[in-house]
Amino acid sequence: MKKSSRAKSQNRKKARKSDPDTTLQAAEPSRRDLLGKARNWGIGLAIAGGAGLGVTRMVRSTAHAHDLTRVANGRPTVVQVHDPQCTLCVALQRETKRALKAFDDQQLDYVIANITSAKGRAFAGRYGVSHVTLLLFDGSGALQQVLHGQHDDSELQEAFTALLES
């Protein structure tokens, strides 16, 4: 009597399962597999480290830009009273940064008083101003000029130059 093809296929499967060489190959990854996994982990760690570094730099930059203690540090300072939700404030910030490009980083400080924070609100309240405003301080921290509302970069450059000359 002939064995069916189904029986033969089941016998082959049993033979493969019990074959010690096949079991060892499945349990031990090849050197190439290990190197590939190590490379992938290395790439992943490098990406994560780069992202972490980028976030750290962004946080430090933001903290520096919002550090109101920089007023009266010996350098003239431009303080923008700013509401990040206000489109006019964002436009004024863009124009201010454009105007500041004409000056050396060591000449003027630029600080943001964010009125959505308690410190920013207190700072704005101390000078009786609201958002969309620039306060220009000399190096000793004395208020020299208040610029309310929208201004283009050329007007701001003139005001910043006058601040440096005072």
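The values are calculated or read from the model by the stated rules, or taken from the named source; none is laboratory data. Remember, predicted model here, so these are calculated numbers, not experimental data. Counting neighbours? That spans all protein chains shown, and the Cβs are built from the backbone with ideal geometry, glycine included. Just so you know, the surface numbers come from the protein's heavy atoms only, side chains and all, with ligands and any DNA or RNA stripped out. Shrake-Rupley method; radii C 1.70, N 1.55, O 1.52, S 1.80 Å.
Observations on the model:
- Positions within the stretch 143-166 being among the small types (Gly, Ala, Ser) and under 20 Å from Lys101 (Cβ atoms), in sequence order: Ser154, Ala159, Ala162
- The stretch 76-91, subset under 16 Å from Gly139 (Cα atoms) and not hydroxyl-bearing (Ser, Thr, Tyr), residue surrounded by the fewest Cβ atoms within 10 Å (Cβ to Cβ): Pro76
- Residues satisfying the stated conditions in the stretch 92-101, i.e. over 16 Å from Val132 (Cβ atoms) and surrounded by 14 or more Cβ atoms within 10 Å (Cβ to Cβ): Arg98, Leu100
- Among residues that are open to solvent by 40 Å² or more (accessible area, probe 1.4 Å), touching a strand residue (DSSP E or B) at 6+ places or on another chain (Cβ under 8 Å) and hydroxyl-bearing (Ser, Thr, Tyr), Ser117 is not included.
- For the stretch 125-141, the set of residues classified as in contact (Cβ under 8 Å) with a residue 60 or more places away in the chain and either open to solvent by 40 Å² or more (accessible area, probe 1.4 Å) or small (Gly, Ala, Ser) (or both) consists of Gly139, Ser140, Gly141, listed by residue number.
- Condition met for Leu156 (open to solvent by less than 60 Å² (accessible area, probe 1.4 Å), in contact with a strand residue (DSSP E or B) (Cβ under 7 Å, 6 or more places away or on another chain) and closer than 19 Å to Val71 by Cα): no
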